[in-house]
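The structure appears right after this line, and notes come after that.
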Amino acid sequence: MAVVTGGGSGIGAAVARRFAERGAAVALVGRTREKLDAVASAIRVAGGTAHVVAADLADPDAPAGVVAAALAEFGRLDVIVNNAGTASLTPLEQVAVEQFDRELAVNVRAALFLVQAALPALRRSGFASVVNVSSAAAWLYRPGQAVYGGSKAALEYLTRSLAAELASERIRVNCVVPGPVDTPILYQVADDIEAAKVHLTRMTPLGRMGTPEEVAWWVVQLTEPEASWVTGAVLHVDGGRALGPPPGA
């Protein structure tokens, strides 16, 4: 059974669908119930099992509530995908404390406390796995991206730290780092979406943006028994974006 945060759209929705296709029950977590319901309905129509947990992960009590709701519905918890995220592109002199606190709360704090709340269930699982979803922003330096990029860099450190701490309990913790993908978070940081897509395509060595499904494949793969020797990994699924722009870009 998998908990997927940010499950109402983009990469989270694609991850949830892929888990369901492989026979796993999924708890979809997010702020907008209508979006979650739409994804859950599609999963059920396709023969899968999905449950909706509407929650704002910026709320300090949300992680424990999410775990309790998932266990009440399914009685077990094997996988956590920390995919929920919020982003901004804000010059330093305009960064507000409220913005900083919210991005760190959603992108980092919620991930840590969701794993903490789930620990008893993960220990009982027998094949527990956590996958955090970072961003190329953690590796690429761009004016105005200090808060978002910093929060994702922190998430990658959290991945390695928890992997080391939980390895003796056979709880694996890994991270996937997507490059440019057409998801709702892009609309939080770009005023001209089409221009942003052209720019990101030009700056990506493989010459195109990725799809949520391409990222979801790797997220789910890291939870499979065949990946049981992998923990603490930070895997780039980014079309080469972290390598820097191609010649002439």
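The values are calculated or read from the model by the stated rules, or taken from the named source; none is laboratory data. This one's a predicted model, so the numbers in the text were calculated from it and none came from an experiment. Note that we place each Cβ from the backbone using ideal geometry, even for glycine, and neighbour counts take in every protein chain shown.
Quick rundown of the values:
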read-out	value
The one condition in (1) assigned to a helix (DSSP H, G or I); (2) within 23 Å of Gly244 (Cβ to Cβ); (3) not acidic (Asp, Glu) that Val177 fails to fulfil	(1)
Hits in the stretch 107-163 (condition: farther than 27 Å from Val97 by Cα and either polar (S, T, N, Q) or assigned to a loop (DSSP other than H, G, I, E, B) (or both))	Ser125, Gly126, Phe127, Ala128, Ser129
Residues located in the stretch 147-172, provided they are more than 18 Å from Arg123 (Cα to Cα), buried (at least 20 other Cβ atoms within 10 Å of the Cβ) and among the hydrophobic types (A, V, I, L, M, F, W, C)	Val147, Leu155, Leu158
From Ala69, Ala58, residue being closer than 22 Å to Leu162 by Cα and surrounded by fewer than 19 Cβ atoms within 10 Å (Cβ to Cβ)	Ala58
In the stretch 21-38, the residues that are part of a helix (DSSP H, G or I) and either surrounded by fewer than 24 Cβ atoms within 10 Å (Cβ to Cβ) or among the acidic types (Asp, Glu) (or both)	Glu21, Arg33, Glu34, Lys35, Asp37, Ala38
Residue list for the stretch 201-236, restricted to those being surrounded by 16 or more Cβ atoms within 10 Å (Cβ to Cβ), more than 20 Å from the chain's Cα centre (by Cα) and in a helix (DSSP H, G or I)	Met203
Count of residues meeting criterion [polar (S, T, N, Q) and farther than 19 Å from Ser129 by Cβ] in the stretch 209-249	1
Residue among Pro184, Pro247 that alone is more than 21 Å from Ile11 (Cα to Cα), assigned to a loop (DSSP other than H, G, I, E, B), out of contact with any Phe, Trp or Tyr (no Cβ under 7 Å at 6 or more places or on another chain) and modelled with pLDDT under 95	Pro247
Filtered residues of the stretch 1-20 (kept if among the hydroxyl-bearing types (Ser, Thr, Tyr) and outside any strand (DSSP E or B))	Ser9
Within the stretch 95-106, tally of residues that are under 17 Å from Asp56 (Cα atoms) and either among the basic types (Lys, Arg) or part of a loop (DSSP other than H, G, I, E, B) (or both)	1
Subset of the stretch 63-91 (residues that are among the aliphatic types (A, V, I, L, M), over 16 Å from the mean Cα position of the chain (by Cα) and at pLDDT 95 or above)	Ala64, Val67, Ala68, Ala69, Ala70, Leu71, Ala72, Leu77
Qualifying residue in the stretch 92-109 (condition: among the basic types (Lys, Arg), more than 17 Å from the chain's Cα centre (by Cα) and surrounded by fewer than 24 Cβ atoms within 10 Å (Cβ to Cβ))	no
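To keep it simple, each residue is scored yes or no on (1) at negative phi; (2) assigned to a helix (DSSP H, G or I); (3) among the acidic types (Asp, Glu).
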| residue | (1), (2), (3) |
| --- | --- |
| Pro63 | yes, yes, no |
| Val66 | yes, yes, no |
| Ala72 | yes, yes, no |
| Ile80 | yes, no, no |
| Thr86 | yes, no, no |
| Glu93 | yes, yes, yes |
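Per-residue answers, yes or no, for (1) within 29 Å of Pro180 (Cβ to Cβ); (2) free of Cβ contacts under 8 Å to residues at least 60 places away in the same chain; (3) of a type in the set (S, T, N, Q):
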| position | (1), (2), (3) |
| --- | --- |
| Ala58 | yes, yes, no |
| Gly65 | no, yes, no |
| Leu71 | no, yes, no |
| Ala96 | yes, yes, no |
| Ala117 | no, yes, no |
| Val133 | yes, no, no |
| Ala138 | yes, yes, no |
| Pro143 | yes, yes, no |
